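A quick write-up on the structure given underneath.
The values are calculated or read from the model by the stated rules, or taken from the named source; none is laboratory data. Since we're looking at a predicted model, the values are computed, not measured. Note: ideal-geometry Cβ built from the backbone for every residue, glycine included; neighbour counts use all protein chains shown.
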Amino acid sequence: MVTACAFASPSHTETPAGWMSHLRRGLVLLTAALVVLLTANPAAAEGRVRIVDQFGLTSLLWHVARAEGFIQKQGRAQGLEIAVEWSRLSGGSAVNEALLSGAVDVAHIGVGPTLLLWDRTLGKQNFKAFAALGTMPQYLLSNRADVKSIRDLGEKDRIAVVSTSSQQARTLQMAAAQTFGFEQFARFDNLLVTLPHTEAMAVLASGKGGVTAHFSNAPFQYQQRKTPGVHVILNSYDVMGGPSSSVLAVTSEKFRRDNPKTYTAVKAALADAAQFVRANKRRAAEIYLEAEDSKVPLADILAFLDDPEIAYDVVPQNTERLGHFLHKVKVLKNEPTTWKSYFFDDVHQMPGS
């Protein structure tokens, strides 16, 4: 009725100015009507989240949250039904691209890629972390008997990493700076080759293809250590000065702002999953093997979960050192003053580092 009245045909005696007055009044009324309709029927932003995980035991909390329906349970506690869409990628660079393109909402990536994503989107999309996914060491492995440490690596070596900006690649830069002097932090960059962990495992075990080292993660590194001749030449804990979170869960400020209940449910679900893993290690191991369609013996996964070096917790540990290093070598334009710089403020009460 509003629009019909607004655009009623003018009489033949009206001037063009009168017609324009009718038109302007009609547009004002039409705009007002649209505002009322949109306000009465707002777009339903809540209740959907697209999560991407990666290969390996760094994804265990996601696997458990999915199997146990923790995200949906947390949503229902807030009166919200949440639809979760899952996908999988390999490497921090690929995951960062998916996040930046808007193809996914939430992901986990290494501390190094998280810092890079935070730095590049500061003041724009504002990507930040909201949970850690556990502390576990990462091993640099070699199949050369004469290589005992990174001091023995040379031009004949090729080091497999999932990405040249991955957590492992950044850890190797830190190790080079510590061993050879700060100005030598990029000493091994020209030796890096990018391969998924599964492919790097096979190439290193075969002794063919030119790859002589692999900066791995769990469970691959533990399987590789069973291969004759493959041995550890660097432990990430030694570089970081102790146990440290290897991966973080991240999202954008927009997703967090537009979907507060969904965001809260995802965050709480990860905490639920961490508690579940600590209390139900055997079931957690079974969930992992099912999710990854893995042939790794159950006993091997249980041994990993019982390892005193491993802890599944959402509180970030020992992440600041890498942030300061990456700023010093000018990878980051913005220096993170503390871990709170690249974590959302709703988790700042945690005893993180």
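Take the residues of the stretch 260-271 that are in contact with a helix residue (DSSP H, G or I) (Cβ under 8 Å, 6 or more places away or on another chain) and surrounded by fewer than 21 Cβ atoms within 10 Å (Cβ to Cβ): which is farthest from A131 (Cα to Cα)?
Within the stretch 260-271, the first condition is being in contact with a helix residue (DSSP H, G or I) (Cβ under 8 Å, 6 or more places away or on another chain), and the residues that meet it are 261-270.
Those still in the list that are surrounded by fewer than 21 Cβ atoms within 10 Å (Cβ to Cβ) too: 261, 264, 268.
On the way: K261: 16, T264: 11, A268: 10 Å.
Only one residue tops the list, namely K261.
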Those residues of the stretch 285-325 which are in contact with a Pro (Cβ under 8 Å, 6 or more places away or on another chain), modelled with pLDDT of 95 or more and charged (D, E, K, R) amount to E320
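Any idea how many residues of the stretch 239-260 are in a helix (DSSP H, G or I) and over 14 Å from V106 (Cα atoms)? Give the derivation first.
Initially, the stretch 239-260 is screened for residues in a helix (DSSP H, G or I), giving 239-240, 253-258, 260.
If we keep only those that are over 14 Å from V106 (Cα atoms) too, we end up with 239-240.
Summing the residues that are in a helix (DSSP H, G or I) and over 14 Å from V106 (Cα atoms) in the stretch 239-260 gives 2.
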Quick check: anything in the stretch 35-46 at pLDDT 90 or above and either among the basic types (K, R) or surrounded by 14 or more Cβ atoms within 10 Å (Cβ to Cβ) (or both)?
yes
Going through the stretch 162-183 one residue at a time, which ones are modelled with pLDDT of 95 or more and outside any helix (DSSP H, G or I)?
G181
Every listed condition ((1) surrounded by fewer than 22 Cβ atoms within 10 Å (Cβ to Cβ); (2) out of contact with any His (no Cβ under 7 Å at 6 or more places or on another chain); (3) part of a helix (DSSP H, G or I)) holds for A291 save (2)
Inspect all residues belonging to the stretch 191-199 and state whether any of them is part of a loop (DSSP other than H, G, I, E, B) and at pLDDT below 90.
yes
Looking at the stretch 279-286, is at least one residue at positive phi and surrounded by 15 or more Cβ atoms within 10 Å (Cβ to Cβ)?
no
Subset tally (residues that are part of a helix (DSSP H, G or I), of a type outside the set (G, A, S) and either free of Cβ contacts under 8 Å to residues at least 40 places away in the same chain or surrounded by 24 or more Cβ atoms within 10 Å (Cβ to Cβ) (or both)) for the stretch 100-117
6
Here are the criteria: (1) under 27 Å from G241 (Cα atoms); (2) touching a residue at least 60 places away in the same chain (Cβ under 8 Å); (3) of a type in the set (A, V, I, L, M, F, W, C). Tell me which single one I82 does not satisfy.
(1)
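Answer with yes or no whether N280 is over 19 Å from H108 (Cβ atoms), among the polar types (S, T, N, Q) and out of contact with any Asp or Glu (no Cβ under 7 Å at 6 or more places or on another chain).
The answer is yes for N280.
May I ask you to verify whether D293 is on the phi > 0 side of the Ramachandran plot and assigned by TED's automatic domain parsing to the domain that holds Q54? Can you show your working first?
Values: on the phi > 0 side of the Ramachandran plot: yes; assigned by TED's automatic domain parsing to the domain that holds Q54: yes.
So D293 passes the test.
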Looking at G209, G181 in this structure, which one is more than 16 Å from Q138 (Cβ to Cβ) and exposed (fewer than 14 other Cβ atoms within 10 Å of the Cβ)?
G181
